[in-house]
1. Does residue 16 count as touching a residue at least 12 places away in the same chain (Cβ under 8 Å), surrounded by 10 or more Cβ atoms within 10 Å (Cβ to Cβ) and outside any strand (DSSP E or B)?
2. Restricting to segment 19-43, what's the tally of residues that are part of a loop (DSSP other than H, G, I, E, B) and within 11 Å of the chain's Cα centre (by Cα)?
């Protein structure tokens with residue numbers, strides 16, 4: 001069963017907030033899938 005990696009989620013969200021641009025539309029349905037050391041980030 002998959003579990004939420006809260007620490008990783010907080011790190012990704014903080015980075016997105018730091019790099020956010022004024023003309024961005026809000027993200028929805030954020031998913032982070034970790035394959036070994038590789039992250040796949042999916043959102044609408």
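None of the figures in this text is laboratory data; all of them are computed from the coordinates on show. Everything quoted here is computed from the prediction, not taken from an experiment. We place every Cβ from the backbone using ideal geometry, glycine too, and count neighbours over all the protein chains shown.
1. no
2. Of the residues in that region, 5 qualify.
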